[in-house]
Amino acid sequence: MLGSLNTVNTLQEVDTTIDTADECSMKVEDWLKKCQELFPDVKTVHTSVKVQETIREALEMTTTETGATADPVHLGDSASSIMNKVQEIAGQISQKQLTVEDLRRMREPVKRLVEAGRVLAVQEDQDGRRSARITLQDGLLYLHPLLRQPTPAHAHTLQESEVVGVLDPSCTLVFLDLGWTGSTRGRVTIRLTPDTPLARQFVLLCTGQRGHTYRNTKLLGVWGKGQPGEWVEGGDYESNDGEGGAPLLPDLKGQYRELGRAGAVLCWGVPGGPMSAQFGITTRDRPGGGQWVNVFGDVVSGLDVVRAAVNHSDITEVTVVDCGVVLPL
């Protein structure tokens with residue numbers, strides 16, 4: 001176990017470290033069985049389980065796909081008991097509280113935790129805990145919507161309010177992942193107009209902070225299909241048939257843009273109306289200099305995904321399979 005904590009610098013050393021840790025793990029499993037058979041003392045069994053966890057944690061910290069360098073663990077006086085050393089190792093590895101600042105710095109150990117799916121944002125309410133995945137893709141950090149789901153073992157959690165708090169209000173990026181039968185998932189990234197009520201509502205529905213989310217909603221229709229000014233409608237988080245989508249904020253009135261080009265994201269209907277959580281995404285420019293009103297965002301990537309969805313035989317088969325916000329690093 002102590003050998004697996006040595007600094008590794010080459011892929012061969014990583015392989016050797018893995019083999020050593022595997023051997024230790026097998027020996028500990030045998031030890032655990034003997035403890036259970038011969039010593040029905042709860043503390044003894046708990047100690048053996050803790051050693052198993054420590055080995056696994058140590059292995060994760062010292063290995064990556066291409067090799068890694070682990071921070072040295074100082075064990076102190078060599079005369080210390082083996083259990084003192086185990087406790088010292090376990091404390092340094094697993095008891096450190098992950099912070100939002102750790103996410104910002106994104107050093108190698110934290111990066112590996114995120115890539116392994118072991119970092120989540122959590123929110124507690126009267127109905128219990130909800131958690132949201134945090135993922136790293138193509139150098140961008142994504143916060144997915146809050147869901148009622150089991151928290152993985154050995155996960156590191158952050159308060160969702162703290163994570164969302166790092167968003168720069170002048171540069172809020174959100175994403176919608178669209179999917180339908182016979183296609184692979186495609187991501188649509190949208191830059192929201194800063195500090196507007198419709199933009200704040202869109203963030204709430206991408207993160208699920210108020211309990212509702214665009215996840216698993218479907219696109220509802222295509223307007224002007226194949227013609228200049230074509231746009232798609234979606235966002236009915238309530239009934240998913242175009243009849244729902246009540247606003248989440250009490251006042252959605254604000255200063256919004258008018259825009260006539262493809263890629264505009266706008267409110268369906270009047271801001272504050274009974275279905276004003278629904279949205280539209282324009283896929284073709286309007287003819288003759290015409291303008292859409294109540295525009296609160298622009299598609300910065302993935303407009304081709306929306307256009308491909310428009311060309312699908314049935315637009316209502318296109319679903320927002322995931323959504324969320326992009327966190328600045």
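Taking amide H as placed 1.01 Å from N in the peptide plane, the amide H of VAL119 sits under 5 Å from that of ILE134, HIS156, each at least 5 places away or on another chain.
Scalar couplings 3J(HN,Hα) for region 223-235, obtained by applying the Karplus form with A = 6.51, B = -1.76, C = 1.60 to θ = phi - 60°, are 9, x, 4, x, 10, x, x, 4, 8, 10, 10, x, x Hz; x denotes Gly and Pro.
Charged side chains reduced to their Cβ positions (Lys and Arg at +1, Asp and Glu at -1) give region 114-234 a dipole of some 340 debye around its Cα centre.
What you get for region 204-260, charging only the Cβ of Lys and Arg (+1) and of Asp and Glu (-1), is a dipole of about 220 debye around the Cα centre.
If you take all other residues with their beta carbon under 12 Å from the beta carbon of TRP292, and give Lys and Arg +1 and Asp and Glu -1, the sum is 0.
Computed about its Cα centre, the charge dipole of region 215-321 is approximately 320 debye, with only Lys, Arg, Asp and Glu carrying charge at their Cβ. Excluding ligands, DNA and RNA, the accessible surface per residue across region 189-329 is 42 Å² with a 1.4 Å probe.
Could you check how much of the accessible area of region 173-227 is carbon and sulfur, as a whole percent, using a 1.4 Å probe?
That fraction is 47 percent.
The heavy atoms of ASP241 offer some 90 square angstrom of accessible surface to a 1.4 angstrom probe. The label-point distance for GLN36 and GLN97, in a model that sets each label 7 Å from Cα toward Cβ, rounds to 3.5 nm.
Once you list every other residue whose beta carbon is under 13 Å from the beta carbon of VAL321, what net charge do they have if Lys and Arg are +1 and Asp and Glu are -1?
After counting each charged neighbour, the total is +1.
Note on region 170-329: dipole from Cβ charges, positive end direction compared against PRO328, TRP223, VAL174; the farthest Cα belongs to PRO328. Charge tally around THR193: other residues with Cβ under 10 Å, Lys/Arg +1 each, Asp/Glu -1 each, net 0.
Around the amide H of PHE279, modelled in the peptide plane, lie the amide H atoms of GLY234, GLY235, TRP268, all under 5 Å away and 5 or more residues distant in sequence or on another chain. Overall, the accessible surface of region 238-294 at a probe of 1.4 angstrom is composed of carbon and sulfur to the extent of 49 percent. In this structure, the amide hydrogen of ASP322, modeled 1.01 Å from its nitrogen in the peptide plane, lies closer than 5 angstrom to those of ASP177, ASN216, counting only residues at least 5 positions away or on a different chain.
The values are calculated or read from the model by the stated rules, or taken from the named source; none is laboratory data. Everything quoted here is computed from the prediction, not taken from an experiment. Counting neighbours? That spans all protein chains shown, and the Cβs are built from the backbone with ideal geometry, glycine included. Keep in mind that these areas ignore ligands, DNA and RNA; they rest on the heavy atoms of the full protein, side chains included. Shrake-Rupley method; radii C 1.70, N 1.55, O 1.52, S 1.80 Å.
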